[in-house]
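Notes follow the structure.
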Amino acid sequence: MSPVSGSATDDATQPSGPAFTAPGTLTPAITDMWDKDRSWTLRAYCDNGGYRGLRRAKTMSQDELVGLVKASNLRGRGGAGFPTGLKWSFLPAPDGGARYLVVNADESEPGTCKDIPTLMANPQALVEGVAICSRAIGCDHAFVYLRGEVVHVYRRLLAAVRQAEQAGLLADGFGLDGSRPLTITAHAGAGAYICGEETALLDSLEGRRGHPRLKPPFPAVQGLYARPTVINNVETIASLPGILVHGPEWYSSMGTERSKGHGIFSVTGHVARPGQFEAPFGITMRELIELAGGIRAGHELKFWVPGGSSTPIFGPEELDVPLDYESVGAAGSMLGTRALQVFDETVSAVRVVARWTEFYQHESCGKCTPCREGTYWMRQIMARLEAGRGLPGDVEKLEDIASNISGRSFCALGDASAVPVLSGIKRFRSEFEAGCTTPASQLFPYAASAIVESAR
């Protein structure tokens, strides 16, 4: 993405740069470093104003920091959009024992690809954000949980933490008394989608198999090692340095009335230039597709999803829906992680839903019956329909199974698995019914939808 101007002033207490309020204007904050030479190094980060936010944070009390984040209206970037400052305030009063920060970097939702690029291009933004949050909640030991498959990302994060430690940036100012050093542990998980669920993540971090926990108690009260714990997404934490440097007014001047600030929108699929676009909330998909070079030449949009595979499908008629939590919800979907997947007319909706269903069945932890059994049977039926061997009543059976999973599973994975099935049938029922007689590959030749020329 192309950076937009807006350099910081020397006074960290004053907002700086333009107030990016107009939807359609790219607002690089987290991504501003991505095109810098050796952007992942501590030197490059500091040369571009890095760690000014932490210096300011060390002059403030815990209550002042929490109040500042509340004033910015920063919302969690992991998908739920819960107010970050409010989440921090749920921690019980200090009792002299440990409290922890856990950063959820287990990015594995199909189509989601913002956290890993952030860690590769600008890991110091996360390290500084971890330090700021740790200061705010009285924590002296923070954890970053990421997928073990992304070894290169893991190594880069380890190097970033080591550089910050060696530079003395984490040597003091943390803990309940504000005088302790901060330890940041990078933990590589075994690669399970379920560990993106915050309580399953905690179980995995403690060395057990990742299974969702019963709530309450909530992590804020009994989280990691049964101690008060804050769990935030990579993008949420990486947004903190900018808020500390420029002020909460600067941040809340962007976006819409209830969805403030900027976010990274991942545009993938059948567009000319897929990529990451950091923009204010309220930008539309039509604008993002234009920024991505439009739908690939000679084709037209068929459908898209606003927040990854676990969000209901949108069509061309929703292109002008403002991409904020409230507007997308009112239109019948969810903003989620802003994993915007674009599909043109060459794509079989049955094939897409079948791939998503395979994913959810594979990643089900098996703890609860609706998800364990329901995803298995949905996968079997979807395979029949894709192959053109569907049985009479299969579409209705799919709807019945998905409806019995939704709202009845132990965690949100079950709900996520039901969404694409129900949404796909609602939008493209005729394609699903055609699966009783005709293979999807015949109706929509798969080579035609390939985005790599050699695959056609």
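Just so you know, all these numbers are worked out from the coordinates, no wet-lab data involved. Predicted model only: the values in this text are computed from it and were never measured. Every residue, glycine as well, gets a Cβ built from its backbone with ideal geometry; the counts of neighbours run over all protein chains shown.
Using only the Cα atoms of the stretch 27-129, build the gyration tensor, take square roots of its eigenvalues as a ≥ b ≥ c, and label the shape rounded, prolate or oblate: rounded if a/c is under 1.5, else prolate if a/b is larger than b/c, else oblate. In terms of gyration-tensor shape, oblate. Fully extending the segment from A330 to T185, taken as 0.36 nm per residue of separation minus the present Cα-Cα distance, adds 48.2 nm.
Once both labels are positioned 7 Å from their Cα atoms along Cα-to-Cβ, the gap between E317 and M60 label points is 4.5 nm. Distances between placed amide hydrogens fall under 5 Å for I231 paired with V102, all partners being 5 or more residues away or on another chain. Each label point was placed 7 Å from the Cα along the Cα-to-Cβ direction; for A412 and K397 their separation is 3.1 nm. Projected label points at A226 and D172, each 7 Å from Cα along the beta carbon direction, are separated by 3.5 nanometres. Anything over 31 Å Cα to Cα? Flag those among K114/K302; K367/K426; K215/K302; K302/K397; K36/K58; K215/K426, in the order listed. From the list (K114/K302; K367/K426; K215/K302; K302/K397; K36/K58; K215/K426), the Cα-Cα distance tops 31 Å for K215/K302; K215/K426. Calculated from the alpha-carbon coordinates, the chain shows an Rg and a Dmax of 22.4, 70 Å respectively. In terms of the Cα gyration tensor, with a ≥ b ≥ c the square roots of its eigenvalues, is the stretch 290-359 rounded because a/c is under 1.5, prolate because a/b exceeds b/c, or oblate? Oblate is the answer for the stretch 290-359, as a/c is 1.5 or above yet b/c matches or exceeds a/b.
Relative protection proxy for 111-123, 221-233, from highest mean packing down: 111-123, 221-233 (other beta-carbon atoms within 10 angstrom). The calculated FRET efficiency for the pair V151 and F218, based on their C-beta separation and a Förster distance of 35 Å, comes to about 0.60. Helix 369-387 and the longest principal axis of the C-alpha atoms of the chain enclose an angle of approximately 50°.
Restricting to bridges with both residues inside the chain, how much of the DSSP beta-bridge set is antiparallel, in percent to the nearest 5? Of the beta bridges lying entirely in the chain, close to 45 percent run antiparallel.
Here the stretch 349-455 yields Rg over Rh of 1.00, to two decimals, using C-alpha coordinates and the Kirkwood radius.
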